[in-house]
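The values are calculated or read from the model by the stated rules, or taken from the named source; none is laboratory data. The structure presented is a predicted model; accordingly, all values stated were derived computationally and were not measured. All Cβ positions, glycine included, derive from the backbone under ideal geometry; neighbour counts span all protein chains shown. Only protein heavy atoms, including side chains, enter the accessible area calculation; ligands, DNA and RNA are left aside. Shrake-Rupley method; radii C 1.70, N 1.55, O 1.52, S 1.80 Å.
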Amino acid sequence: MGSQYQICMVPLSITLKTGVLNVVNGFGVEAGKPLAQHSGISKVAFTGETTTGRLIMQYASENIIPVTLELGGKSPNIFFADVMNEDDDFFDKALEGLTMFALNSGEVCTCPSRALIEESIYDSFMERAIERIKKIKTGSPLDLSTMIGAQASNDQYEKILSYISIGKEEGAKALIGGEALKHSGELSGGYYIAPTVLEGKNNMRCFQEEIFGPVLAATTFKNEEEALTLANDTLYGLGAGVWSRDGTRCYRMGRGIKAGRVWTNCYHHYPAHAAFGGYKQSGIGRENHKMMLEHYQQTKNLRVSYSPKALGFF
């Protein structure tokens, strides 16, 4: 006998007093900078690119205002050879995990934009991965079958194309994509870029700098030690992914990778209670977890003597 479930949507209404919540629109010079410099501000939390985060820290330092920063990333997604031991659900999940570089058109700070794949399986793994990437459907976000839409702006669109061009100049090979997509009708003129995989070396700019688009930089490693070295060979440390059927190896890698969040045999899971934030130039502080509340509080020590007697020193 089948079961039926009814979902009831209950609207929530929260009333805030005037001035509790203020939304200020504007560019950095006219909005962000004055806010971070203002003497009436007690705490600054910023999400954005690393270069802007440095400026926010400078502005806030004028009044010694505490700052938390969630900045850029160049997250490694590491695949060990044993993911291909079986052609099963786990392997299918791993292929999806690699393809997560295209989620939200690649405009995610923890985008798994570097794929590190064990050398012994590289060719066969990438063959299957390319098949998966070919199935990504781009188009209007109003179409429920669309998987990724356009880039956020023309500036971002041009930046992504320039990184692809620079990658090719440095010797990276485009295994798939590498160009803008043209759509007709209502989608004509949109900032669409084909999901792209660039095969190259970890010292190339497309491996080291945040592109913020559907571009994956892929390379190989020989063993666990090299995988860890490559994973940490970046200015950033926001996210990372580890894929292996060996739980002990996953634990070692998770401990060794210098990133605030390491997904193990999954990627882009964002539970609300899990701490989120970066190492190195990916930021300061944490979000989501209850420890986040500490960034908005001061610790005060109130020392009270209930004795009428002097201490006796003088």
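Ignoring aspartates and glutamates fewer than eight residues from residue 290 along the same chain, the ones with Cα atoms less than 17 angstrom from its Cα are 70.
Less than 5 angstrom separates the built amide H of residue 47 from those of 70, all sequence-distant by 5 or more or on a different chain. In the range 231-313, if the dipole is taken from +1 on Lys/Arg beta carbons and -1 on Asp/Glu beta carbons about the Cα centre, which of 302, 236, 278 is farthest to the positive end? Value computed over the given set: 302. Based on Cα contacts under 8 Å between residues 6+ apart, the chain shows a relative contact order of 19 percent. Solvent-accessible surface of the range 102-217, taken per residue with a 1.4 Å probe and all protein chains present: 47 Å². Taking the protein heavy atoms of the chain in the context of the full set of protein chains, the accessible area attributed to carbon and sulfur is 53 percent at 1.4 Å. Placing +1 on the Cβ of every Lys and Arg and -1 on the Cβ of every Asp and Glu, with nothing else charged, gives the chain a dipole about its Cα centre of roughly 1500 debye. The number of Lys pairs in the range 123-279 with C-alpha atoms less than 27 Å apart, excluding pairs fewer than 8 positions apart on the same chain, is 27.
Applying 1/(1 + (r/R0)^6) with R0 = 51 Å to the Cβ-Cβ distance of residue 27 and residue 131 gives a FRET efficiency near 0.75. Of the beta bridges in the chain, as assigned by DSSP with both residues counted there, near 20 percent are antiparallel. From the Cα gyration tensor of the range 2-146, with a ≥ b ≥ c the square roots of its eigenvalues, which class applies: rounded if a/c is under 1.5, or else prolate if a/b is larger than b/c, or else oblate? Oblate, because a/c is 1.5 or more while a/b does not exceed b/c.
Only helices reaching 27 angstrom along their own axis (Cα) with mean Kyte-Doolittle hydropathy no lower than 1.6 count here, and not one DSSP H run of the chain does. Can you give the Kirkwood hydrodynamic radius for the chain, in Å, rounded to one decimal and based on Cα pairs? One decimal place: 22.2 Å for the Kirkwood radius. The order of the peptides 18-31, 246-259 by mean Cβ neighbours within 10 Å, most packed first, is 246-259, 18-31. Of all lysines in the structure, the ones whose alpha carbon falls short of 26 Å from that of residue 309, not counting any fewer than 8 places away in one chain, are 300.
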